[in-house]
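Chemist: Below you'll find the structure I mean.
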Amino acid sequence: MKLQALKILVVTMAILIIVGLGFLAYGITANFAEGEKGVFLVRSPLPLTLPVGAEIRETIMDGNRVLIRLSMPDDQTRLIIFDMQEGREVQRIEINNSR
């Protein structure tokens, strides 16, 4: 009788372990899928207005921020850092070329 109770206990614990691992796998995959969908959702982005005659020369993404390098008509360079998560411009940096 004691041996039969031990077998039932072992089988029940094995089933609980398998169910627990299933929930763990589901939680991990759901977390990854949610992270990919919600990373760059901007609710109400502010418009990014470029100066007249400016050309975008380069864009670099780092996490939720984008660095935009502009070439201005007067041979100057301007860098704009844009936060995609908040949908707003973070900073403008003007680079004056010496002659």
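Chemist: Apply the Karplus curve 6.51 cos²θ - 1.76 cosθ + 1.60, θ = phi - 60°, to the phi angles in the range 18-23 and return the couplings in whole Hz, x for Gly and Pro.
Modeler: Ordered by residue, 3J(HN,Hα) equals 5, 5, x, 5, x, 4 Hz.
Chemist: Tell me, what is the Rg over Rh of the range 55-95, with Rh the Kirkwood radius over Cα pairs?
Modeler: Details: Rg = 10.4 Å, Rh = 10.4 Å.
That ratio is 1.00, to two decimals.
Chemist: Where the only charges are on Cβ atoms (+1 Lys, Arg; -1 Asp, Glu), what is the dipole of the range 55-95 about its Cα centre, to the nearest 20 debye?
Modeler: Details: 6 positive and 9 negative charges, 17 e Å.
Result for the range 55-95 is approximately 80 debye, rounded to the nearest 20.
All of the numbers you see were taken from the coordinates with simple rules; none came from a lab. Predicted, not measured: the structure shown is a model, and the values here were computed from it. For neighbour counting, all protein chains shown are included, and Cβ atoms are generated from backbone atoms with ideal geometry for every residue, glycine included.
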